[in-house]
1. Considering each of 109, 123 in turn, give the residue that is farther than 30 Å from residue 26 by Cα, of a type in the set (Ser, Thr, Tyr) and not in a strand (DSSP E or B).
2. What number goes with the only condition from (1) within 30 Å of residue 358 (Cβ to Cβ); (2) outside any strand (DSSP E or B) that residue 254 does not pass?
3. Could you tell me which numbered condition residue 144 fails, if it satisfies all but one of (1) at pLDDT 85 or above; (2) buried (at least 19 other Cβ atoms within 10 Å of the Cβ); (3) outside the structural domain of residue 72 (by TED's automatic domain parsing)?
4. Quick check, is residue 406 polar (S, T, N, Q) and surrounded by 15 or more Cβ atoms within 10 Å (Cβ to Cβ)?
5. Could you tell me whether residue 376 is of a type in the set (Phe, Trp, Tyr) and over 37 Å from the mean Cα position of the chain (by Cα)?
6. Hey, can you tell me all the residues within region 370-411 that are in a strand (DSSP E or B) and acidic (Asp, Glu)?
7. In the list 57, 36, which residue meets the criterion of being surrounded by 13 or more Cβ atoms within 10 Å (Cβ to Cβ), free of Cβ contacts under 8 Å to residues at least 40 places away in the same chain and either under 29 Å from the mean Cα position of the chain (by Cα) or in a loop (DSSP other than H, G, I, E, B) (or both)?
Amino acid sequence: MTKTKTDATRQAVTLSPLVQILVFLGSMRFGIALLIALSLLSAYATFFPLAFARERIYGSWWFLGAMGLGALNLSLCTGKSIGPRFRQAYKPSWPTTLAQLRQMPVSCTIKVSSGDVAAKKLTTAFKQLGLATNRRDTGPGTAVFLRGERGRLGYFGSIATHIGILLVLVGGMYGSLTGFDLGGSARKGGSIDLPAQELAIRVEDIRVTYNDPAGVVRPRVASQLRISQRGQEVATGAVAINEPLRFDGITVYHSTFLWVAHVTLSHPETGAVLHELALVDHETVNLPGMPLAIGSAGFFPDFTVQDGRPLSRTYKTNRPALVYRVVQEGRPLPLRVLEPDMPLEVTTPEGPMVITLIGYEKAVSYSVSRNLGRPYLFAGAMIMLTGLFLSFFMAPQRIFAGVEANGEIVVGGRGFVRHHGIEHILANIKSRVEGEES
């Protein structure tokens, strides 16, 4: 015991600092610690809004650094295990005595009348059970050994799983470093400008298709887009729910449709228009030159009030109305309802004005994202599932049998991780050999 410890200590001391660091980074203990840390950080991120979590947590240098260390740990672990797994699968050690077979996790003894035909009977039984069979003769007058196995690919299940997780980590880091997820809304003829990406998304048309005549069911809204990058047109196409537009690794999604209410503020006596505003749902517009703002609490195409709350009976414009409020010097005033041809008076620092709803139109809210790591994520997920399948449904099983010249047969077997099913295989082999003998 003392000598073994001394040799191990001497070997550890002779390792260079770089090798010792790599050994630590590739250790299972370090990998488990990283996995726990990433899990806790991901759980912590769920307490924050998605946009904040993406920018401040998932996109932070320390989170990406932890993912990078995890990828390095998996790479080192996988690299270390490839050689041993290959040798286990394709270069297994053969037993040299029947005593070694008896010491296997599962074993049994079969006695036949003649040793001359025992090896042939075993070979037939192995093949009938679907075992890939190999034979080794140790010499004249000595034991003959057979090896049967199945599920050889199962030895590589953990390696495939590690490679899949590695690709998922790499894809996540690559997508986070090179990608973006932005949003914006625009109406027909308008555009969304993304200066950092040098993109301009122009809405050429918005089409609404009602799924029922009454308009109770939410309509299908599709918009025709024209996309330019650095002044050059790069893509055109229609976008709707579950029908995104993709180009150059960038995806434009239809998030939802909105209403834009057009209102005017005019002089109460002369009728001269002083301000013209376009109010998007749930947005507030400041009036230039005065401490006054008008905010939309929502445009309702088929307005009604239920339990004191405004809502729309249908999606059709049977009774259009804008619910708005005036914000004066930062103080919100009560909500009011503005309908076409029913102007209301608004008190402003410049005196009373008349607010009128003169029109309305639809707008669409879009999500624009790029995730170049998505192919790696998909490939990693598929490889990881393949590895899990190999590990759980193709568990390696290996059976050895030794035949003495006197007809004694010893059969032993083992599994890669667990020995489930080995007893059943040995019982089948025994029954087949003894059945032929009888």
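1. It is 123.
2. With (1) within 30 Å of residue 358 (Cβ to Cβ); (2) outside any strand (DSSP E or B) applied to residue 254, the lone miss is (2).
3. (1)
4. Answer is no for this residue.
5. It is false that residue 376 is of a type in the set (Phe, Trp, Tyr) and over 37 Å from the mean Cα position of the chain (by Cα).
6. Correct list: 408 only.
7. Within the list 57, 36, the selection yields 57.
Results for (1) within 30 Å of residue 157 (Cα to Cα); (2) crowded, with 17+ Cβ neighbours inside 10 Å; (3) in contact (Cβ under 8 Å) with a residue 40 or more places away in the chain; (4) not assigned by TED's automatic domain parsing to the domain that holds residue 211, shown as yes or no for each residue.
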| position | (1), (2), (3), (4) |
| --- | --- |
| 330 | no, no, no, yes |
| 341 | no, no, no, yes |
| 346 | no, yes, yes, yes |
| 354 | no, yes, yes, yes |
| 401 | yes, yes, yes, yes |
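The values are calculated or read from the model by the stated rules, or taken from the named source; none is laboratory data. Computed from a predicted model, the values in this text were never measured in an experiment. We place every Cβ from the backbone using ideal geometry, glycine too, and count neighbours over all the protein chains shown.
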